[in-house]
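Presented below is the structure to which this report refers.
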Amino acid sequence: MEANRIAQNLEGKTVLVTGGTGFLAKILVEKILRVQPDVKKLFLLVRSSNVKSVEQRLHHEVKNTELFQVLKDTWQENITSFLSSKMIPVLGDISHPNLGITIQN
């Protein structure tokens, strides 16, 4: 089945997701983590004024949503460390050169 091949291909891979706190990105990230928890890292490009607010947005607008309930039920007390080890927020903006990513980010 095609879905199984996609999940297998994501094993050990690093993925950049633009629009990291958007509707489609949240669905994509949750699906990847649910079907292939052995993905290496998911870098989520998030627009914000500073790095601290990027981390806050990722927590409040993505990790803390009901969409992640299946993952929370699966990982239980390990959910925070699991998500933190997989989801890396990156301050940036797709409308800027180099996605607005700087060395400091």
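Based on what the data block shows, is Lys26 in contact (Cβ under 8 Å) with a residue 12 or more places away in the chain, among the basic types (Lys, Arg) and under 21 Å from Asn98 (Cβ atoms)? Can you show your working first?
Values: in contact (Cβ under 8 Å) with a residue 12 or more places away in the chain: yes; among the basic types (Lys, Arg): yes; under 21 Å from Asn98 (Cβ atoms): no.
No.
When both residues are 6+ apart or on different chains and their Cβ atoms are under 9 Å apart, which pairs have a first residue that lies in segment 57-84 and is farther than 14 Å from Ala25 by Cα, and a second that is of a type in the set (Asp, Glu)?
Val70/Glu30; Leu71/Glu30; Ile79/Asp73
What are the residues in segment 1-18 that are surrounded by 13 or more Cβ atoms within 10 Å (Cβ to Cβ) and within 15 Å of the chain's Cα centre (by Cα), if any?
Within segment 1-18, Leu10, Lys13, Val15, Leu16, Val17, Thr18 meet the criteria.
Identify all residues within segment 31-59 that are part of a helix (DSSP H, G or I), surrounded by 13 or more Cβ atoms within 10 Å (Cβ to Cβ) and basic (Lys, Arg); write none if there are none.
If the condition is that a residue be part of a helix (DSSP H, G or I), surrounded by 13 or more Cβ atoms within 10 Å (Cβ to Cβ) and basic (Lys, Arg), then Lys31, Arg34, Arg57 are the ones that fit.
What's the number of the only condition in (1) assigned to a helix (DSSP H, G or I); (2) touching a residue at least 40 places away in the same chain (Cβ under 8 Å); (3) exposed (fewer than 13 other Cβ atoms within 10 Å of the Cβ); (4) not charged (D, E, K, R) that Leu99 fails to meet?
Unmet condition: (3).
Can you tell me which residue is farthest from Asp93 (Cα to Cα) among those in segment 19-30 that are surrounded by fewer than 16 Cβ atoms within 10 Å (Cβ to Cβ) and modelled with pLDDT of 95 or more?
Once the filter is applied, the top-ranked residue is Ile27.
Might you check whether a residue that is in a loop (DSSP other than H, G, I, E, B) and either at pLDDT 90 or above or surrounded by fewer than 17 Cβ atoms within 10 Å (Cβ to Cβ) (or both) occurs anywhere in segment 66-78?
no
The values are calculated or read from the model by the stated rules, or taken from the named source; none is laboratory data. Predicted model only: the values in this text are computed from it and were never measured. Cβ: placed from backbone, ideal geometry, glycine included. Neighbour counts: every protein chain shown.
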